[in-house]
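Nothing in this text is a laboratory measurement; each read-out follows from the coordinates by a stated rule. These figures come from a predicted structure and were not determined experimentally. Here Cβ is always computed from backbone atoms with ideal geometry, including for glycine, and neighbour counts include all displayed protein chains.
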Amino acid sequence: MEIKKEFYNYMHWYEEEVRHLESLPKEKSGYGRKVVFYGSSSIRLWNTLQEDFPFIQTVNLGFGGSTLAAGSWFFNRLVLPHSPGAVVLYSGDNDLGDGRHPEEVFLFFQTLHAKIRRYFGAIPFTFISIKPSIARWNLIEQIKYTNQLIRQELATSENNHYVDIFSPMLDGNSYPRRDLLTEDGLHLSEAGYQVWKDALLTYHSTIF
């Protein structure tokens, strides 16, 4: 009972931001496929999404500090009402930061991915790999392993896409490039978002 109460309290922490996202327009406007970008603050802070991908209709449903568990929990309230034609997900970073093991994070990913398939069928689904960062360098092996598990899972069925931003965010010494991160060593700088944009555009004909 205490575990259940603790879980509800944990999810309540996101409530204010989730309510704000719920107020976003649901109807399709403009042209191009409606694509939901879902996940943590790396999505929430991507303020140039529509400018970066003008040929689609972007919907930013990122919320700060969110985990894959939270993404699954709020899926019906946030993603489902938009009936997207494609979903791009970045999450898992905070799960590992909270001390979750890669296997746990993978199970949360499977739960969220199953919901997308259940409600939206075979729409294009893209997972942006968990990024390397200076602030979470102590978790680098867990990040690599989690990415590996998710990449292998997505390869087992069609219309799934794994976009690797891990490799291009490393320097010649296999350490996170400082210029791609803000001063906190965790969040993306403008140059960091350019790397993500370029990586997604490489696959634009299939994921959008």
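Looking for whichever is more than 24 Å from LEU181 (Cα to Cα) and out of contact with any Lys or Arg (no Cβ under 9 Å at 6 or more places or on another chain) here; the options are GLU15, GLU51, GLU22. Which one fits?
The conditions single out GLU15.
Once segment 76-85 is narrowed to residues that are in contact (Cβ under 8 Å) with a residue 40 or more places away in the chain and either assigned to a helix (DSSP H, G or I) or within 13 Å of the chain's Cα centre (by Cα) (or both), the residue that is nearest to LEU149 (Cα to Cα) is VAL79. Here LEU61 passes the criteria (1) closer than 26 Å to GLN194 by Cβ; (2) surrounded by fewer than 19 Cβ atoms within 10 Å (Cβ to Cβ) except the one numbered (2). Looking only at segment 111-133, residues that are assigned to a loop (DSSP other than H, G, I, E, B) and of a type outside the set (A, V, I, L, M, F, W, C) come to 6 in all. Filtered by the rule that a residue be surrounded by fewer than 21 Cβ atoms within 10 Å (Cβ to Cβ) and either polar (S, T, N, Q) or over 17 Å from the mean Cα position of the chain (by Cα) (or both), segment 103-135 gives GLU103, GLN110, THR111, ARG118, TYR119, PHE120, GLY121, ALA122, ILE134, ALA135. For segment 41-53, state whether one or more residues are β-branched (Val, Ile, Thr), surrounded by fewer than 19 Cβ atoms within 10 Å (Cβ to Cβ) and outside any helix (DSSP H, G or I). Yes, because at least one residue in segment 41-53 is β-branched (Val, Ile, Thr), surrounded by fewer than 19 Cβ atoms within 10 Å (Cβ to Cβ) and outside any helix (DSSP H, G or I).
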